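The values are calculated or read from the model by the stated rules, or taken from the named source; none is laboratory data. Note that the coordinates shown come from a computational prediction; the quantities given were computed from them, not determined experimentally. Every residue, glycine as well, gets a Cβ built from its backbone with ideal geometry; the counts of neighbours run over all protein chains shown. For the accessible areas, the whole protein counts, side chains as well, though only heavy atoms, and no ligand, DNA or RNA atoms are used. Shrake-Rupley method; radii C 1.70, N 1.55, O 1.52, S 1.80 Å.
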Amino acid sequence: ATFTPTTPPAGVCVMEDGEDGDNTNLFGGYWYTYQDGTGAAVVPVPETAGGGTFAMTAGGYNGSAYAANFNGTVGPITAANNDYPSIGMGSQLNPMAGAPPEGTGQVTDISACGGISFYAKGNGKQYHVKIPYSNVDGTSKTGFDDYRYDFTAAASWTLVDIPFALFSQAGWGTEYPL
């Protein structure tokens, strides 16, 4: 399918509603899962690990047709080996946001947006939303000390509404303005 940009109402920044069921958000970027480190396994399996294209899962908040969904396991941290296993799900803000050769490092201006909101349903454990900052070549501008916000995913659908002002860096990397 050919991407057709959707302009949200003034003052509203809608990245995705999931209702089309595909892996492309309303900015043209794509959804993906990732896994890294010993003992990390995520479903859907990432394309980089031999899986297929990310697909929305049937059944979302308040009767919506689809939701972005992932699950998996994370192995123990082995700091002595610099092994910090992780799994997750993400979405780029435009089709060319990645580093070459897949992308051009294209930037999406979201300065008119006030934050990130979504409905989450989980297992009562803590998760986080992170905003990574990368150079065009894919290297981290923050030394991987990305802006993040931690939340607990309740067993029932719950609104997670995060103004950008609540995101913060841990302080061990390179300070970079949000």
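Some points to look at:
- As a calculated quantity, the FRET efficiency between residue 175 and residue 58 at R0 = 45 Å, using C-beta atoms, amounts to about 0.60.
- Sequence of 102, 175, 19, 47 from largest to smallest accessible area, 1.4 Å probe: 175, 102, 47, 19
- Anisotropy class assigned to the range 93-132 is oblate, per the alpha carbon gyration tensor with a/c at or over the 1.5 cut-off and a/b no larger than b/c.
- The distance from the alpha carbon centre of the range 134-178 to that of the range 64-127 is 10 Å, rounded to a whole number.
- Considering only 84, 96, 160, the residue lying farthest towards the positive end of the dipole of the range 58-178 is 160, judged by Cα position with unit charges set on Cβ.
- Figure note: 160, 107 ranked by solvent-accessible area, largest first, 1.4 Å probe, ligands and nucleic acids not counted: 107, 160.
- Accessible area of the range 59-178 belonging to carbon and sulfur atoms, whole % at 1.4 Å probe: 54 percent
- Heavy atoms of residue 113: accessible area, 1.4 Å probe, square angstrom to 10: 20 Å²
- Segment residue 107-residue 158, length gained on full extension (0.36 nm per residue, minus Cα span): 15.3 nm
- Residue-normalised accessible area of the chain, expressed per residue, 1.4 Å probe, Å²: 62 Å²
- Rounded if a/c under 1.5, otherwise prolate or oblate - the range 62-121, Cα gyration tensor axes: oblate
- Distances between placed amide hydrogens fall under 5 Å for residue 40 paired with 75, all partners being 5 or more residues away or on another chain.
- Total charge dipole magnitude, the chain, about the Cα centre, Cβ charges on Lys, Arg, Asp, Glu only, Debye to nearest 20: 320 debye
- The phi-based Karplus calculation (6.51 cos²θ - 1.76 cosθ + 1.60; θ = phi - 60°) puts the 3J(HN,Hα) values of the range 18-35 at x, 5, 7, x, 9, 9, 10, 7, 6, 8, x, x, 10, 8, 7, 10, 8, 9 Hz, whole numbers, x for Gly and Pro.
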